[in-house]
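Peer 1: Below is the structure I would like to discuss, written out as C-alpha cells.
The values are calculated or read from the model by the stated rules, or taken from the named source; none is laboratory data. The structure presented is a predicted model; accordingly, all values stated were derived computationally and were not measured. All Cβ positions, glycine included, derive from the backbone under ideal geometry; neighbour counts span all protein chains shown. With ligands, DNA and RNA removed, areas are computed over all heavy atoms of the protein, side chains included. Shrake-Rupley method; radii C 1.70, N 1.55, O 1.52, S 1.80 Å.
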Amino acid sequence: MSARLDAQFAFLMEADKLKQVIRATTLADGSRREKSGEHSWHLALYALVLADHAGPGVSIDRVVKMLLLHDLVEIDVGDVPIHSANGEAHGSAEVAAAEARAADRIFGLLPADLGTELRALWEEFEAAVTPDAIFAKSLDRVQPVLHNLASGGGSWTEYEVTFDQLEARVGQKVARGAPSIWTYVRARLQAFFPDLS
C-alpha cells in the first residue's frame with residue numbers, strides 16, 4: 001500500500017505544476033493570462049453546468065474526468081494556442097509526438113492500473129470520436145471564446161484571428177458536440193466581428 005500511495009502522491013505533486021503553465025487566453029476580465037490548472041477546473045465546471053446540452057448517452061462523469069486530465073501534458077509541452085502559427089502549430093505532428101511523450105511520463109508516475117485507466121481517458125479526449133470526448137472537446141473549444149468575448153478580443157487580437165478562422169478552428173468542433181451552445185455563442189460574436197453575416 002505504501003508503494004501505491006507513493007506513486008499516487010508523486011503523480012498528484014507533478015500535476016500541481018499545471019498551476020504554473022500560462023495559456024494564451026486571458027481571464028474573462030482581461031487582467032492576466034489564464035493558467036492551465038484554472039482552465040481545467042473551469043472546464044469541469046462547464047461540464048456540470050452545461051450537461052443538459054450534451055448529446056444522448058453522454059456520461060458527464062467521464063467528461064469531467066477527461067477535462068481534468070486533458071491538459072496535464074502541458075506540464076512538459078506548454079500551452080500551444082489554437083491560433084498560433086496561423087493555426088498550424090496546435091495539431092502538428094511535432095506537438096502530438098511531444099504530448100504523447102509527456103503522457104507517457106506523467107501517467108507513468110501512477111500505479112500501472114490507474115495510469116492505464118487515466119491515460120486511456122486522455123487518449124479518448126484527444127481522438128474526439130466518442131460522444132463523451134466530442135462533448136468534452138466542444139467545451140474545451142468554447143471556453144476561450146467566451147473569455148475572448150468578455151475581455152474585448154483577448155488572444156484573437158494578438159493572433160489577428162478572423163471570424164472564418166474561428167469558425168474553422170473552433171466553431172465546427174463546438175457545433176459537433178454542443179450545437180445549441182455554438183448557436184448561442186455564434187450569435188454573440190457579432191459584437192467582435194461586425195462583418196459576420
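Peer 1: Those residues that are open to solvent by 90 Å² or more (accessible area, probe 1.4 Å) and either of a type in the set (S, T, N, Q) or under 23 Å from Trp156 (Cβ atoms) (or both), I need them from the stretch 16-32; list them, please.
Peer 2: Filtering the stretch 16-32 down to residues open to solvent by 90 Å² or more (accessible area, probe 1.4 Å) leaves 17, 19-20, 29, 32.
Matches in the stretch 16-32: Gln20, Asp29, Arg32.
Peer 1: Could you give every pair whose Cβ atoms fall below 8 Å, whose first residue belongs to the stretch 57-73 and is free of Cβ contacts under 8 Å to residues at least 40 places away in the same chain, and whose second residue is not in a helix (DSSP H, G or I), counting only separations of at least 6 or pairs across chains?
Peer 2: Sorted first by the residue in the stretch 57-73, then by its partner, the pairs are Ile60/Ala54.
Peer 1: Pairs under 7 Å by beta carbon, first residue touching a residue at least 40 places away in the same chain (Cβ under 8 Å) in the stretch 25-49, partner among the acidic types (Asp, Glu) and in a helix (DSSP H, G or I), six or more apart or different chains?
Peer 2: Hits for this filter: Ser36/Glu74; Leu43/Asp140.
Peer 1: Out of (1) exposed (fewer than 13 other Cβ atoms within 10 Å of the Cβ); (2) not in a helix (DSSP H, G or I), what's the single condition that is false for Ala187?
Peer 2: (2)
Peer 1: I've got another one for you. Residue by residue through the stretch 39-67, note down the ones that are surrounded by fewer than 16 Cβ atoms within 10 Å (Cβ to Cβ) and within 12 Å of the chain's Cα centre (by Cα). Please lay out each step first, then the result.
Peer 2: From the stretch 39-67, those surrounded by fewer than 16 Cβ atoms within 10 Å (Cβ to Cβ) are 41, 45, 48-49, 51-52, 55-57, 59, 61; that's our starting set.
Within the stretch 39-67, Trp41 is the sole residue that qualifies.
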